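These notes concern the structure reproduced below.
Just so it is clear, none of the values below were taken in a lab; they were calculated from the coordinates. Predicted model, so just to flag it, every value in this text is computed and none were measured.
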Amino acid sequence: MENIYIARQPILDENNEIFAYELLYRDDNSRPTIKNSRLATVAVLNSTLNKFGIKNLLGNYKAFIKADEKFLLHEVMFTIPKEHFIFSLQMQGRVTKKIKNKIIELHQLGLVFAINDSLVNNEVIDNFLELKEYISYIKVDINTPNDKIKILQSNGANIIATKVETDQMLKKVKANSIHYVQGFFFSKPKVLEQEKFDSEAQNIVDLCNKLLQDSDIDDVVLEFEKNPAITIQLLKFINSGAFHFRQNLSSIKQVLTLVGRTKLTQWLMLMVYSNTEQESKRSALMEQVRNRSLLMEYISQLIAKDLVSEAYFVGVLSLMNVLFHVSLRAVLKEMNVDKQIREALLHKRGRLGEIFNFVLSIERFDEAEIENFSKEKNISPQDLEKLTLVASIN
């Protein structure tokens, strides 16, 4: 097995904090499901753990991993470190007595189980009822009818809503009192109906515009001085090691001179993202914008070296709507960004748009899109493996 592809999706709690991850893995043919022998499944998981490292990949969180019947019955189940994983059962029809007995045996050893992502029907409900004493979670496609969700909840199911991609879907999650959600950050970020910037957001936009325009350096410094909290945070951020200068930086004018306007704008916005996280918890939003920006930059270095800075900028801007709680179109309307960046973000047009769309395909783990783009742009398997590593690890 030459190439290992891995993606990592956060599962969030009702406070939008990371609860756990799902690890998505594929075989050497990049198939969407593991259809090879049980040994191939074991090899993928073992190679993933050995290559990436549990600590690097998961931190202090657990990961959901898919377990089909062959995987479940394999002796490797007794060797996987149970404290790090929750096994999502992929049912093939009604649960058999053999599978149930194996689940009971493993449950008694401390393994934790879930039922994998399903558009719930009567068969899924019957399987859950058969196994509910041994099942800690059930992953439910948010398109499942409410009556099916209520049946599961009335029988004690701990539901994780999946494929949540829109504000309307999120409202359905809340209306059904579902506490865990997956899909929000890795498809269409939630766009609230509110289209006005609050005062803090407007200050940030004004600062970015000053940096992007050919404003006099003293005017830029004055804009920062109007926002002392942002100025202090930015100086701390830059002095923390983000840039490597021989001397300590002590003023925005000095920073602007040494770093340059475009790069400073990028780091300013990253700093703003980082301030959305609580000190004791990791921010899913910050992780995604960091990884997305690095992916944009890395891909452009492979296929469009003249657009590296712009590609990174697209990655940073792509989640500003989530940060500011307005549509991306509203964010870009307020900001003085280049037309090609605007076209990439709003319409996936141009070379930047192609790269951005490819990054979204990697995040969604859309094998067909990944393969087509890689062939078209002559991205080697080795470089593709590096891209999936960037997508999965901070």
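May I ask which of LYS305/LYS377; LYS82/LYS132; LYS55/LYS82; LYS163/LYS386; LYS82/LYS139 have a Cα-Cα span longer than 22 Å here?
Details: LYS305/LYS377 13 Å; LYS82/LYS132 19 Å; LYS55/LYS82 14 Å; LYS163/LYS386 26 Å; LYS82/LYS139 19 Å.
Exceeds cut-off: LYS163/LYS386.
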Counting only residues 5 or more apart in sequence or on a different chain, those whose built amide H sits under 5 Å from that of LEU89 are ALA67, ALA114, ILE115, ASN116
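Residue separation times 0.36 nm, minus the C-alpha to C-alpha distance between LYS100 and ARG351: what's the value? Could you put the intermediate results ahead of the total?
Details: separation 251, 0.36 × 251 = 90.36 nm, distance 5.18 nm.
Net length gain for the segment: 85.2 nm.
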